[in-house]
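Colleague: Below is a structure I'd like to ask you about.
The values are calculated or read from the model by the stated rules, or taken from the named source; none is laboratory data. Treat the numbers as computed from the prediction; the structure is a model and nothing was measured. We place every Cβ from the backbone using ideal geometry, glycine too, and count neighbours over all the protein chains shown. For accessibility, only protein heavy atoms count, side chains too; no ligands or nucleic acids. Shrake-Rupley method; radii C 1.70, N 1.55, O 1.52, S 1.80 Å.
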Amino acid sequence: QVQLVESGGGLVQAGGSLRLSCAASGGTFSRYAMGWFRQAPGKEREFVGSINWTGTITEYADSVRGRFTISRDNAKNTVFLQMSSLNPEDTAVYYCAARYYVGATQSSHYDYWGQGTQVTVSS
């Protein structure tokens with residue numbers, strides 16, 4: 001079993017930046033692809049981005065490409081989501097998720113989930 005804990009959320013002004021972290025425990029982190037998803041009030045959970053197990057392949061949703069960057073530190077069992085040029089539409093609870101080796105865009109393809117961290121962007 002893999003446990004995931006997100007951190008780094010908060011309140012930021014439009015145009016600002018935040019870095020989210022997701023710390024993993026209880027499994028072999030280096031074997032897992034990691035995904036980031038978000039869910040705004042009244043909306044379905046949506047894919048933000050993913051990174052494969054080696055960190056060599058990343059994928060992003062069109063809405064965040066060029067503004068968000070995913071990276072990982074396998075030595076620290078942590079994946080990061082660097083967010084810049086934030087706008088109010090980025091306000092959501094952000095979740096990290098894990099699945100073996102290769103990233104995916106569908107939430108149902110992930111086996112483990114964190115509890116989420118709130119990101120609020122004020123205008």
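Colleague: Of GLY27, GLY35, GLY103, which is the most mobile in a GNM of the chain whose springs link Cα atoms less than 10 angstrom apart?
Modeller: Comparing GLY27, GLY35, GLY103 in a Gaussian network model of the chain, the most mobile one is GLY27.
Colleague: Another question, if that's okay. When only C-alpha pairs under 8 Å and at least 6 residues apart count, what is the relative contact order of the chain, in percent? Don't jump to the answer; show the numbers that get you there.
Modeller: Details: 319 pairs, mean separation 44.6, N = 123.
After rounding, I find 36 percent.
Colleague: Top mean-square fluctuation among THR56, THR105, THR69, Gaussian network model of the chain, C-alpha springs under 10 Å?
Modeller: Most flexible of the set in this elastic network: THR56.
Colleague: Could you put SER21, SER123 in order of accessible surface area, largest first, with the 1.4 Å probe and the full protein assembly present? The partial results should precede the final answer.
Modeller: Working: SER21 25, SER123 140 Å².
Largest to smallest exposure gives the sequence SER123, SER21.
Colleague: With +1 on each Lys and Arg Cβ and -1 on each Asp and Glu Cβ, and nothing else charged, work out how big the dipole of the chain is about its Cα centre, in Debye to the nearest 20.
Modeller: Values: 10 positive and 9 negative charges, 44 e Å.
Rounded to the nearest 20 debye, it is 220 debye.
Colleague: Using protein chains only and a probe of 1.4 angstrom, how many square angstrom of LEU11 are accessible, to the nearest 10?
Modeller: Using a 1.4 Å probe on the heavy atoms, I get roughly 130 Å².
Colleague: Cα convex hull of the chain: mean projected area in nm², to one decimal? Could the numbers behind the result be given before it?
Modeller: Working: hull surface 26.5 nm².
Mean projected area of the Cα convex hull: 6.6 nm².
Colleague: May I ask you to give the solvent-accessible area per residue for the chain, in square angstrom, as obtained with a 1.4 angstrom probe?
Modeller: Per residue, the chain has 50 Å² of solvent-accessible surface.
Colleague: Contour minus end-to-end for ALA104 and SER63, with contour as 0.36 nm per residue of separation and end-to-end as the Cα-Cα distance?
Modeller: Details: separation 41, 0.36 × 41 = 14.76 nm, distance 1.65 nm.
Going from the current span to full extension adds 13.1 nm.
Colleague: First compute the accessible area of the chain with a 1.4 Å probe, then give the percent of it belonging to carbon and sulfur atoms.
Modeller: Numbers: 2870 of 6170 Å².
Roughly 47 percent, rounded to a whole number.
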